[in-house]
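One structure is given below, encoded as structure tokens.
The values are calculated or read from the model by the stated rules, or taken from the named source; none is laboratory data. What you see is a predicted model; the values in this text were computed from it and never measured. Cβ coordinates were reconstructed from backbone atoms using ideal geometry, including for glycine residues, and neighbour counts include every protein chain displayed. We work out accessible area using only protein heavy atoms, side chains counted, and drop any ligands, DNA or RNA first. Shrake-Rupley method; radii C 1.70, N 1.55, O 1.52, S 1.80 Å.
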Amino acid sequence: MFIVTGTKRSGTSMWMQILIAAGLPIIGEAFPMRWEQTIKAANPEGFYESHLRRGIYYRTNPHPKTAAYLFPEQVQHHAVKVFIPGLIRSDRAFIGKVIATVREWREYESSIKRLYAIEDESRRAEGKGELIPEERMPGALEWWAENFALVRDIAVRRYPVHVQSYEGLLAEPERVIRDVMRWLGKGDADLAIAAVKPEHRTQKRPESDSIEPALAEVFDAFYAALHAGKGLDAALLQRLNQTNEQLAPRIAQLQAKLRDQTRRRQILKAKFRHDQAAAGVPEDNSHEDDETAEESA
């Protein structure tokens with residue numbers, strides 16, 4: 001499969017729109033579940049996500065509801081969005097070529113906050129304020145954890161990958177897209193180029209003091225290397241490994257808190273459904289698989 005990956009808010013939806021315009025078959029919907037009514041403002045052109053965004057592995061294939069099984073040969077040249085944690089857990093047999101998009105960490109941090117604000121307002125409007133998460137992973141640390149994990153996964157499993165910055169795509173869409181379409185060996189580049197809409201970009205390198213200056217310097221060097229597309233030299237790799245060792249305990253502690261929070265949210269959701277049923281309100285399953293979506297804001 002042609003897998004589009006990245007963090008949330010990194011340009012994966014734009015890449016899905018590009019591949020659709022190029023004529024490739026895709027797996028996913030523009031607005032799954034009720035996203036058109038809830039978070040469309042975050043990405044008016046569509047998200048093009050599916051249950052496979054969490055990975056192509058035993059929990060998603062066969063489909064958890066329909067039991068339909070995807071065979072690698074059936075979807076060989078299909079495009080699908082799989083976020084970085086999902087790519088890492090995906091079966092290697094399904095990974096053909098990977099387009100990995102990366103966004104500058106300050107832009108990601110600002111953009112993910114905007115998406116969360118849209119989600120939270122939608123939940124309040126539906127009377128679900130009590131289900132709003134109390135905490136979320138700080139954007140800068142999430143950016144680091146996922147992009148570092150992606151680089152490590154590429155090094156270990158050695159699948160073909162094109163790493164492209166969101167900034168670089170918007171600056172030179174024709175060159176970038178023609179290069180990628182030639183690399184894929186599929187699709188109409190002229191039609192694909194027309195799908196790029198830079199006007200949807202709302203975050204342009206804002207200021208941030210969310211992390212220590214020394215960490216910001218490493219994050220900047222990491223992004224600059226990915227943006228340049230020249231690979232990571234030995235000295236930078238050593239700095240990245242040292243930084244990850246420093247941050248790993250902090251990130252693990254936050255992840256443990258979030259897992260506990262998720263368990264508490266599940267209890268609240270069950271209570272909410274029970275109260276709705278007791279009040280005679282029909283059950284709404286449209287949010288059953290709902291979680292933060294993505295992109296281009």
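Indicate, rounded to the nearest 5 percent, the antiparallel portion of the DSSP beta bridges found entirely in the stretch 1-143.
That works out to approximately 10 percent antiparallel.
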Just the number: Rg to Rh for the stretch 198-282, Cα atoms, Kirkwood Rh, two decimals. 1.23
I'd like to know which of Y159, N147, A235 lies farthest towards the positive end of the charge dipole of the stretch 91-239, counting +1 on Cβ of Lys and Arg and -1 on Cβ of Asp and Glu. Y159
Helix-derived [θ] at 222 nm for the chain: sum -39500 (n - 2.57) over DSSP H runs of at least 4, divide by residue count, nearest 500? -15500 deg cm²/dmol
Dipole of the chain, Cα-centred, from +1 at each Lys and Arg C-beta and -1 at each Asp and Glu C-beta, to the nearest 20 debye? 680
Note on the chain, DSSP bridge orientation, antiparallel percent to nearest 5 equals 5
One point scatterer per Cα, no solvent, Debye formula: log10 I(q)/I(0) for the chain at q = 0.07 Å⁻¹ comes out as -0.27
Pairs beyond 21 Å (Cα-Cα), from K8/K97; K204/K230; K81/K230; K97/K230; K65/K271: K204/K230; K81/K230; K65/K271
Those helices of the chain passing the 20 Å axial Cα length cut-off and the mean Kyte-Doolittle cut-off of 0.5 (DSSP H runs only) are 213-228
Out of F219, F71, F47, a Gaussian network model of the chain with alpha-carbon springs under 10 Å gives the largest mean-square fluctuation to F71
In nanometres, the difference between 0.36 nm per residue of separation and the alpha-carbon distance of A277 and A221 is 14.8 nm
Over the chain, what percent of the accessible surface lies on carbon and sulfur atoms, probe 1.4 Å? 51
